[in-house]
Amino acid sequence: MSVRSELLVGAARPPRQPASLSGWLDRQSVFSWLMMAPPLLFLAALVGYPFCYGILLSLQDRPVAHPGTFVGLKNFAANFNDPIFWQVTANTFIYTAAATVLKMVGGLALALAMNQQFPLKNLVRALLLLPFIVPTVLSTVAWMWILDPAFSVLNWFLIAVGVPKPGPSWLGNPVLAMVSIIVINTWRGLPFYGITLLAGLQTVPPELYEAATIDGATGWQRFRFVTLPLLQPIILIVTLFSVIFTFADFQLVYVLTHGGPQNATQLFATYAFDIAMGAGQLGRGAAVALAMFPALVLLIAALTVYLRRG
Amino acid sequence: MVTGHGPVERVVRLWLPVGFFLLVALFPFYWMAVTSLKPNAELYNKNVMPLVLHHPTLKHYIDLLTQTSFLVWTWNTMLVAIVSTAISLVLGVMLAYPLARMRFAGAGLIAMTVAAIYLVPQPLLFIPLADVINRLGLGNTLGAVILTYPTMLVPFCAWLLLGYFKTVPMELEEAARIDGAGRLQTMRRIFLPLCTPGFISAGIFAFTLSQNEFLYALIFLTKSSVRTVPVGVIAELIRGDVFYWGQLMAGALLGSIPVAIIYSFFVEHYVAGLTSGSVKG
């Protein structure tokens, strides 16, 4: 398509005049680079430069509002010898893995349930996406109240069905606090999985199901050998997306638990924030934030390559 | 696929799961609304059945609007979201158009770089960015977030528009070129007017992302007069250990409404944008 069009355009154009400015500006490469220069410079200044500067900061002892001194890898060594850092690492991986599995399984269930004809389907779909649309901080405040130590509506319900008073301390117990942030992250992210997978399901040609049924496949076999293989690329992309942003999550934990109790829900992003903004140690904070980098590089590279191939 | 069986099977396979997902998805919003309308005496009384309203009152809304800077935060949030969305759409087009239509050395590399930048989460950059913003003298101005939100929105808009642009047929542009139109003219007069649905998708996404942003706003905006809704609600309605739950819920609900309204108008565009990245790949 594009090859043919270039031939056409080329044939219609007079022979190239190297001396003319408008002819030079009309060249695809010149036009493209001139057009892309402003956004690329913007991104270089506010993403590229801060990123490199962050690496430099991580090699400095840099209290806030003071000039930094170069200390080599001391901040990374401090991470290595900091038991909280290792707890944060474990927390982040547990949080990401558990929330991802829940979102994937729940999202698939949601997509399968929604992939049927029923009245008001579009309205239901719009309502189901609400948790994903509403600003995270605001819905997390609602969850904080649902899990409130004294007036939790969840505990009111649990007590009503026979759980002994006063009910679980959702945000005060280290394990339950981790369960809480995982569940709330799932609540927010599941619709994204569900609606995206639903769009994928709708592209599966019905003939495939008919053929499988004629061949005697059961419902489970149709799901396992028709639906799942066809959905696999979408599941992979959605999962990579969601893993990246769950791994680097900040808002939910900052609002709900501030990383507590006793760092039980502290993640890389909230810990880096506490050290850099709370304790004012920018260098050490940058080193904590950069600890996310190896895992993120792998994920981002995988997804970038995958998106490009598709 | 479900083939029309009896009503019992339809309840089990359709209404039970869909009803469950709806209940879980919507309960927190119901709870926000109910809480925000309860008087304090009812809110903090454990002997009252909490799920329904007994004595509805608008007191928390009135307090929120008269005793806090909520309206200022709402204005700030809107202003920031609209300006950074506009900037991001313009810069996004400038990236996406050449990548979608032109052939030049390095196009593949640029496309991959844009995708990779889109995936860089803010927590990786916020510490050095805080220093950059301070050195620019932008601390506690809306300029700080108007400048930094596009760092995540530009790659995002470019990526979404790139996908959309590739679906637009090239014939009209070719005809314009044959008629002697320059490249810029062809893009502005012929191509961009064809892409309105793509702009709506990208614009709504960018707008919701701006409204949702918290980390940069939290760090850069520490004065009440420049705060956005999420930061204002967290920083000023929770004072020490005291939670003003009625006002918090009223603020959370009011803060969610603009996004919800815009989303409800353009839900089809939103879903198209959401799924285009992955489904069309």
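Taken together, the values in this text are just the output of simple stated rules run on the coordinates, not laboratory data. Just so we're clear, the structure is a prediction, and the values are computed from it rather than from any experiment. No Cβ is skipped: glycine too gets one built from the backbone with ideal geometry, and neighbour counts run over all protein chains shown.
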Any helix of chain B counts here only if DSSP assigns it H throughout, its Cα atoms span 20 Å or more along the axis, and its mean Kyte-Doolittle hydropathy is at least -0.5, and such helices are B:16-36, B:70-101, B:142-166, B:196-212, B:245-265
For the protein assembly as shown, with only Lys/Arg (+1) and Asp/Glu (-1) charged at the beta-carbon, what is the dipole magnitude about the Cα centre, in debye rounded to 20?
640 debye
Under 11 Å, Cβ to Cβ, from A:M114 - net charge with Lys/Arg +1 and Asp/Glu -1:
+2
Would you mind ranking B:C195, B:C157, A:C52 so that the residue whose beta carbon has the fewest other beta carbons within 10 Å leads the list?
A:C52, B:C195, B:C157
Let me check the size of segment A:91-212 from its C-alpha atoms; what are the radius of gyration and Dmax in Å?
17.8, 58
Please go through segment B:185-281 and write out the trypsin sites (Lys or Arg not before Pro) that DSSP classes as loop and that have at most 10 other C-beta atoms within 10 Å.
B:K223
Most exposed first, judged by fewest Cβ atoms within 10 angstrom, B:M102, B:M249, B:M152 run B:M102, B:M152, B:M249
Measure off 7 Å from each Cα along the Cα-to-Cβ vector at B:F243 and B:K166, then give the distance between these two points in nanometres to one decimal.
4.7 nm
Using alpha-carbon pairs under 8 Å, 6+ residues apart, how would you state the relative contact order of segment B:155-216 in percent?
45 percent
Would you tally the net charge around A:I184, using a Cβ to Cβ cut-off of less than 13 Å, leaving A:I184 out, and scoring K and R as +1, D and E as -1?
+1
If neighbour count is taken as other Cβ atoms inside 10 Å, put B:S264, A:S22 in order from fewest to most.
A:S22, B:S264
For every helix of n ≥ 4 consecutive DSSP H residues, a contribution of -39,500 (n - 2.57) applies; sum these over the protein assembly as shown, divide by its total residues, and give [θ] at 222 nm rounded to the nearest 500 deg cm²/dmol.
-21000 deg cm²/dmol
Cross-link candidates for A:K103: which aspartates and glutamates have Cα within less than 18 Å, leaving aside residues fewer than 8 places away along the same chain?
A:D249
Mean separation of Cα pairs under 8 Å and 6+ residues apart, divided by the residue count of chain A: what relative contact order is that in percent?
26 percent
Amide H contacts under 5 Å for A:Q60, restricted to residues at least 5 apart in sequence or on another chain and with H modeled in the peptide plane, are A:V71
Roughly what would the spin-label model give for B:R188 and A:A279, points 7 Å off Cα along C-beta, in nm?
5.4 nm
Those helices of chain A passing the 18 Å axial Cα length cut-off and the mean Kyte-Doolittle cut-off of 1.0 (DSSP H runs only) are A:28-43, A:83-114, A:174-201, A:228-247, A:293-309
Apply 1/(1 + (r/R0)^6) to the Cβ-Cβ distance of A:F70 and A:Y49, taking R0 = 25 Å, and write down the FRET efficiency to the nearest 0.05.
0.85
Spatial separation of Cα centroids for segment B:133-163 and segment B:177-233, in angstrom
10 Å
Contact order normalised by length for chain B, with contacts defined as Cα pairs under 8 Å and 6 or more residues apart; what percent is it?
29 percent
For segment A:19-58, take every pair of Cα atoms, bin their distances at 10 Å starting from 0, and report each bin as a whole percent.
27, 31, 22, 14, 6, 0
Mean-square fluctuation maximum in Gaussian network of chain A, Cα pairs under 10 Å, restricted to A:S20, A:S180, A:S32, hits A:S20
Could you work out the pair-distance distribution P(r) of chain A from its alpha-carbon pairs, with 10 angstrom bin width and percents rounded to whole numbers?
5, 18, 23, 21, 17, 11, 4, 1, 0
Leaving out same-chain residues fewer than 8 places away, which lysines sit with a Cα under 28 Å from that of B:K46?
A:K165, B:K38, B:K59
Net charge of neighbours whose Cβ lies under 13 Å from the Cβ of B:V80, counting Lys and Arg as +1 and Asp and Glu as -1
0
Could you tell me how far the Cα centroid of segment A:204-280 sits from the Cα centroid of segment B:25-52, in Å?
32 Å
Over the Cα atoms of segment B:116-235, what radius of gyration and what Dmax do you get, in Å?
18.9, 59
Which residue, B:V90, B:V24, B:V231, has the most motion in a Gaussian network model of chain B that connects Cα atoms within less than 10 Å?
B:V24
So between A:A160 and A:R27, what do we pick up on full extension, going 0.36 nm a residue minus the alpha carbon distance?
40.5 nm
Estimated distance in nm for a label pair at B:A175 and A:Q202, the labels positioned 7 Å out from Cα along Cα-to-Cβ
3.1 nm
Reference-scaled alpha-carbon Rg (2.2 N^0.38 Å with N residues) for the protein assembly as shown
1.04
Send over the semi-axes of segment A:61-106's equivalent ellipsoid, whole angstrom and largest first, taken as the square roots of 5 times the C-alpha gyration tensor eigenvalues.
34, 13, 8
Any idea how far the Cα center of segment B:76-99 sits from the one of segment A:113-151, in Å?
28 Å
